[in-house]
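Some notes on the structure that comes next.
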Amino acid sequence: MSAKKPTFEKNIDRLRAIVEQLESGELPLDLGVSLYKEGQTLAASCRTQLEEARLVVSQATPEGLKPFDHAAGEEN
């Protein structure tokens, strides 16, 4: 049985936890390096998941992706 891929949200939560640990400055060097590597892997996975979601959205809308004004909550 294959393991399920972690969700984007779980990856982001783990990435935030890693950042907090690294920013504390209280980790031994080897643990800090290990967490940094894990963070890089998680960040790459999140980027891939976002790109996949962007592709799905662009294929689902006839006009493709449009810029979105987050402040106004309306499409440009």
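Quick note: the coordinates plus some simple rules give every number you see, no bench work behind them. Quick caveat: nothing in here was measured; it's all calculated off a predicted structure. In this analysis, Cβ positions are derived from the backbone assuming ideal geometry, glycine residues included, and neighbour counts consider all displayed protein chains.
Were the residues from THR41 through ALA60 laid out at 0.36 nm apart, the gain over their Cα-Cα distance would be 4.0 nm.
The GLU51 and LEU22 beta-carbon pair, evaluated with R₀ = 30 Å, returns a calculated FRET efficiency of approximately 0.75. Rounded to whole numbers, the Karplus 3J(HN,Hα) couplings from phi for segment 37-48 are 4, 4, x, 4, 5, 5, 4, 5, 4, 5, 4, 5 Hz, using 6.51 cos²θ - 1.76 cosθ + 1.60 with θ = phi - 60°, and x at Gly and Pro.
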